[in-house]
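A.B. asks: Right, I'll just put the structure down here and ask away after.
What follows draws every value from the coordinates through simple rules; no lab data is involved. Predicted model only: the values in this text are computed from it and were never measured. Please note: Cβ atoms are built from the backbone with ideal geometry, for glycine as well, and neighbour counts cover all protein chains shown.
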Amino acid sequence: MQNLMTTQKNNKATKENKYPYFRYEDVVIYNDDILKISSIPELSVDLIVTSPPYNVDIHYNSHADNLTYEDYLDFTKNWLKKCFDLTKDDGRFCLNIPLDKNKGGQQSVCADITKIAKDVGWKYHSTIIWNEGNISRRTAWGSFMSASAPHVIV
């Protein structure tokens with residue numbers, strides 16, 4: 001979700017960035033919080049590529065990344081639904097998420113999020129393993145800090 005959207009936030013209020021992050025001819029890229037943005041019309045997006053918060057207690061300015069797993073899945077359902085509503089009927093959705101996580105107990109993140117995505121209307125196409133095995137700074141905390149082998153769901 002952070003690739004598509006992030007929030008501009010000060011200490012007291014969150015405000016939507018109404019302008020695209022990048023625009024060139026028919027290509028428009030937004031970098032804002034998908035749950036707070038209102039400037040993108042429904043059924044207008046061709047492609048969403050995102051790497052949402054992994055719920056591993058990373059200190060984002062705009063999101064609590066230490067939810068219970070049930071609350072994290074509810075949060076995930078909300079932004080997946082919003083993405084679905086914004087995407088054209090023939091649009092695509094690429095989701096960069098971990099296979100699983102063990103912070104706070106072993107959870108099958110990829111399986112759970114894939115099920116939620118299907119429940120809100122997305123159709124599963126394939127999984128791409130992004131194997132960065134030659135990277136020496138490998139971590140297990142997600143793309144925020146250089147993931148070693150995240151999964152991309154298409």
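A.B. asks: List the relative contact order of segment 43-113 as a percent without decimals, with contacts defined as Cα pairs under 8 Å and 6+ residues apart.
C.D. replies: Here the relative contact order equals 42 percent.
A.B. asks: As an exercise, take the mean of 1/r over every pair of distinct alpha carbons in segment 38-91, invert it, and state the Kirkwood radius in angstroms.
C.D. replies: 12.5 Å
A.B. asks: Next question, about the same structure. When ranked by the protection proxy of mean other Cβ atoms within 10 Å per residue, highest first, what sequence do the peptides 74-85, 56-67 form?
C.D. replies: 74-85, 56-67
A.B. asks: Using alpha carbons only, how many angstrom separate the centre of segment 14-68 from the centre of segment 86-136?
C.D. replies: Spelled out, the Cα-based centre of one part sits 17 Å from the other.
A.B. asks: Between His59 and Tyr24, how many nm apart are label points set 7 Å from Cα along the C-beta direction?
C.D. replies: Modelled inter-label distance: 3.6 nm.
A.B. asks: Now for a separate question. Hey, fewest Cβ within 10 Å first, where do Glu70, Glu25 land in order? Provide the component values of the computation, followed by the final result.
C.D. replies: Working: Glu70 8, Glu25 5.
Result, fewest neighbours first: Glu25, Glu70.
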